[in-house]
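J.: Could you have a look at this structure, given as structure tokens, before my questions?
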Amino acid sequence: MEKTKLYILSILSACIAGGGLTSEAKVSDKLSFNPAIAKQEVLTMPSGEKVGYTAYENIYYVSNIEDSVYQTLNLYVPESLKSGDSTPIFLRTYIGGYMATTAKSPSAGDATGRALKEGYVVCIPGSRGVNSTISRNGKTVCTGTAPNGLLDLKAAIRYLRYNDNVIPGSAERIIIDGTSAGGAMSALVGSTGDRPEYDKYLRKMGAAPTSDKVFASVCYCPITDLNHADMEYEWLYGCTNTGVRHLDANQIMISNELAAECPAYINSLDLKDDEGNLITSDNYRDYLKTFLIASAHKALEEGCEIPDSIGIIRYSEKPNFGDFPPMDGNGDGRGAPSYGPAGVRPMFNNNTDYVTDIDLDKYLSYVASVTPLKTPPAFDQYGVLIDTPTPENKVFGDEEGNPSNFTEFSLRHRLHDPKATLGKDLSARIFIMNPMNFISENATSVAPHWYIRHGAKDRDTSFLVPINLATKLKNTGFDVNFFLPWNRPHSGDYNLDDLFSWIESIAD
Ligand code: DHB
């Protein structure tokens, strides 16, 4: 502990002796952790159990603060640390809808309270987002366009690592957790540690000069792969266009055009299933079915009622599929994903039906009947059929608050110019906001452990988005725990027993 303190002091005194502070020393001065701000607090859990902890709040994590409302973090240290100096730090982002969020305190009802109770250090940073503004020279300036929200999380992580020897727990074991847009941020933080593409921004912000890699990424329903999400949505849900979705002729035209772009994208990913078989646009629906079947089967095992009307096809007697559970209804041998909830194939008992197949169109119509689908384009909507920008259009907008397209498809439709292209700077921003671009054999930038969940009736983005993310990570050799929990809409931080037993398993 004392080592870093002494080191910082020695840099400072060397600079002072040398006639002035270098900019690096100024950063270290402003960003050194001050334990004197500690306050003792108690959190009462839903069970009535009291969890005592030390709170360190309103800590600026950059030295060139642009937005003092959001660029702070709070840190919470439980009375008894789970595993001393090597205790993981659970970093929860409350980003939702790509909006700004202030640093928050732990909540007894979600993963932050649970983490404290389990003895983990908890960090809850604020970050800029689509609704954050400041006044500069009398003008309103939007501070949260891409990639700023992500940069804030990276800067917070750097702060923790920079002060690792004085902050309890280990910054080498940061586990980031987020939901939806926050899940997207979690995926980005998890896949882009120390990537040089972010350096110039982080330097300008005065982020601590250290690593921003994390140990694990928890992504609930990540709204990510934004520049392919429209085609993935229409390719999957197009089957409902003239049914439950009720689209008009123009919308159907856009939907069909988008869907037609998806097969080439799927095929470009070069994804493999667990047995090493290539996943293509031709067999992708079968691949998706394996995840939904595993989900439905687990639900039956746990005693859920599944109505016959939603496309789940089952047998009450174990069909003869040899030694393996009948996870692939079309008998192609692919089977269930082996990286299910506990990392194993679901166990079968004799009291439940066996899910043998899914009528996928019927099931997708059911999902669309529970929550109406987004209209096409689901994400890059601005100026295509309506002028209203989505949160994503604002994320890629400019400082003055003008929204922007982030796909050539939508840009060309908005401008009625089939040759229009996205500018170079904008393209670079779009690139660094997509985790799929950073998952490669170069493993050093990617978190080794991933927990990814997307509800089996969540229609906020296509099932292809989390499945492609999980599969690409798995194919590249990372530890991935992926599942589509049955009957779950768009939500996060559920089934905390499962999450925290996974955290325990990776942290041991
Ligand atoms: C969120 C949900 C969306 O459907 C979306 O497009 C972006 C963000 C959210 O809940 O964070």
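The values are calculated or read from the model by the stated rules, or taken from the named source; none is laboratory data. These numbers come from a predicted model, not from an experiment. Glycine gets a Cβ as well: all are built from the backbone with ideal geometry, and neighbour counts include every protein chain shown. Quick note on the areas: whole protein, heavy atoms, side chains included, nothing else; ligands and nucleic acids left out. Shrake-Rupley method; radii C 1.70, N 1.55, O 1.52, S 1.80 Å.
J.: Would you pick out the residues in segment 89-119 that are crowded, with 16+ Cβ neighbours inside 10 Å, more than 26 Å from N434 (Cα to Cα) and away from the ligand (no atom under 16 Å from the Cβ)?
T.: Result: P106, S107, A108, T112, G113, R114, A115, L116, K117, E118, G119.
J.: Hey, can you tell me all the residues within segment 168-214 that are open to solvent by 10 Å² or more (accessible area, probe 1.4 Å), away from the ligand (no atom under 16 Å from the Cβ) and at positive phi?
T.: Within segment 168-214, D194 is the sole residue that qualifies.
J.: Looking only at residues in segment 372-381 that are of a type outside the set (S, T, N, Q) and within 13 Å of the ligand (Cβ to nearest atom), which one is surrounded by the most Cβ atoms within 10 Å (Cβ to Cβ)?
T.: As a first pass, look at segment 372-381 and keep what is of a type outside the set (S, T, N, Q): 372-374, 376-380.
Keeping just the survivors that are within 13 Å of the ligand (Cβ to nearest atom) gives 372-374, 377-380.
On the way: P372: 11, L373: 22, K374: 19, P377: 27, A378: 23, F379: 25, D380: 29.
In this case the residue turns out to be D380.
J.: So how many residues does segment 31-53 have that are surrounded by 16 or more Cβ atoms within 10 Å (Cβ to Cβ) and of a type outside the set (A, V, I, L, M)?
T.: Of all residues in segment 31-53, those surrounded by 16 or more Cβ atoms within 10 Å (Cβ to Cβ) come to 31-33, 43, 51, 53.
Checking the rest, the ones that are also of a type outside the set (A, V, I, L, M) come to 32-33, 53.
Count: 3.
J.: With the condition kept exactly as written, say whether any residue in segment 419-428 is away from the ligand (no atom under 16 Å from the Cβ), aliphatic (A, V, I, L, M) and not in a loop (DSSP other than H, G, I, E, B).
T.: Restricting attention to segment 419-428, the residues satisfying the condition of being away from the ligand (no atom under 16 Å from the Cβ) are 419-428.
In the following step, the residues that additionally are aliphatic (A, V, I, L, M) were identified as 420, 422, 426, 428.
Now narrow it down to the ones that are not in a loop (DSSP other than H, G, I, E, B): 426, 428.
Scanning segment 419-428, I find at least one residue that is away from the ligand (no atom under 16 Å from the Cβ), aliphatic (A, V, I, L, M) and not in a loop (DSSP other than H, G, I, E, B), so the answer is yes.
J.: Name the residues in segment 435-461 that are away from the ligand (no atom under 16 Å from the Cβ), open to solvent by less than 10 Å² (accessible area, probe 1.4 Å) and of a type in the set (S, T, Y), would you?
T.: Correct list: S445, Y451.
J.: How many residues, within segment 215-242, are in contact with a Ser or Thr (Cβ under 6 Å, 6 or more places away or on another chain) and more than 16 Å from the ligand (Cβ to nearest atom)?
T.: 4
J.: Being more than 26 Å from D212 (Cα to Cα) and open to solvent by 10 Å² or more (accessible area, probe 1.4 Å) is the requirement here; does H416 meet it?
T.: Working: more than 26 Å from D212 (Cα to Cα): yes; open to solvent by 10 Å² or more (accessible area, probe 1.4 Å): yes.
Yes; evaluated as a whole, the condition is true for this residue.
J.: On to the next question. Given the criteria free of Cβ contacts under 8 Å to residues at least 40 places away in the same chain and either within 16 Å of the ligand (Cβ to nearest atom) or touching a strand residue (DSSP E or B) at 6+ places or on another chain (Cβ under 9 Å) (or both), does L278 qualify?
T.: Details: free of Cβ contacts under 8 Å to residues at least 40 places away in the same chain: yes; either within 16 Å of the ligand (Cβ to nearest atom) or touching a strand residue (DSSP E or B) at 6+ places or on another chain (Cβ under 9 Å) (or both): yes.
For L278, the condition - free of Cβ contacts under 8 Å to residues at least 40 places away in the same chain and either within 16 Å of the ligand (Cβ to nearest atom) or touching a strand residue (DSSP E or B) at 6+ places or on another chain (Cβ under 9 Å) (or both) - is met.
J.: Can you name the residue in segment 484-507 that is more than 24 Å from T224 (Cα to Cα) and touching a strand residue (DSSP E or B) at 6+ places or on another chain (Cβ under 6 Å) and is also farthest from the ligand (Cβ to nearest atom) among such residues?
T.: If we take residues in segment 484-507 being more than 24 Å from T224 (Cα to Cα) and touching a strand residue (DSSP E or B) at 6+ places or on another chain (Cβ under 6 Å), then A507 is farthest from the ligand (Cβ to nearest atom).
J.: Which of the numbered conditions does L81 fail, given that it passes all the others? Conditions: (1) within 16 Å of the ligand (Cβ to nearest atom); (2) of a type outside the set (V, I, T); (3) over 23 Å from C221 (Cβ atoms).
T.: (1)
J.: Quick one: which of S23, S10, S80 is closer than 27 Å to L116 by Cβ, modelled with pLDDT under 95 and of a type outside the set (V, I, T)? Outline the logic, then answer.
T.: Details: S23 fails: closer than 27 Å to L116 by Cβ; S10 fails: closer than 27 Å to L116 by Cβ.
It is S80.
J.: Something else now. Return only the number of the condition from (1) modelled with pLDDT of 95 or more; (2) open to solvent by 10 Å² or more (accessible area, probe 1.4 Å) that L473 does not satisfy.
T.: Status for L473: all satisfied but (2).
J.: Just to be sure before I move on: is L464 within 16 Å of the ligand (Cβ to nearest atom), out of contact with any Phe, Trp or Tyr (no Cβ under 8 Å at 6 or more places or on another chain) and of a type in the set (A, V, I, L, M, F, W, C) in the structure I sent? Explain how you work it out, then say what you get.
T.: Details: within 16 Å of the ligand (Cβ to nearest atom): yes; out of contact with any Phe, Trp or Tyr (no Cβ under 8 Å at 6 or more places or on another chain): no; of a type in the set (A, V, I, L, M, F, W, C): yes.
No.
J.: What about A229, is it without any contact (Cβ under 8 Å) to a residue 60 or more places away in the chain and either of a type in the set (A, V, I, L, M) or not in a helix (DSSP H, G or I) (or both)? First the steps, then the outcome.
T.: On the way: without any contact (Cβ under 8 Å) to a residue 60 or more places away in the chain: no; either of a type in the set (A, V, I, L, M) or not in a helix (DSSP H, G or I) (or both): yes.
Judged against the criteria, A229 is not a match.
J.: Next up: Considering only residues of segment 384-408 that are away from the ligand (no atom under 12 Å from the Cβ) and crowded, with 19+ Cβ neighbours inside 10 Å, which is farthest from I134 (Cα to Cα)? Working first, answer last.
T.: From segment 384-408, those away from the ligand (no atom under 12 Å from the Cβ) are 384-388, 396-408; that's our starting set.
Next, from what is left, pick out any that are crowded, with 19+ Cβ neighbours inside 10 Å: 384, 396-397, 403-407.
Working: V384: 30, F396: 18, G397: 16, P403: 17, S404: 20, N405: 24, F406: 24, T407: 28 Å.
Going through the qualifying residues, I end up with V384.
J.: Based on what the data block shows, is I157 buried (at least 24 other Cβ atoms within 10 Å of the Cβ), touching a residue at least 60 places away in the same chain (Cβ under 8 Å) and either in a loop (DSSP other than H, G, I, E, B) or within 16 Å of the ligand (Cβ to nearest atom) (or both)? Talk me through it step by step, then tell me what you get.
T.: Details: buried (at least 24 other Cβ atoms within 10 Å of the Cβ): yes; touching a residue at least 60 places away in the same chain (Cβ under 8 Å): yes; either in a loop (DSSP other than H, G, I, E, B) or within 16 Å of the ligand (Cβ to nearest atom) (or both): no.
So I157 does not fit the description; no.
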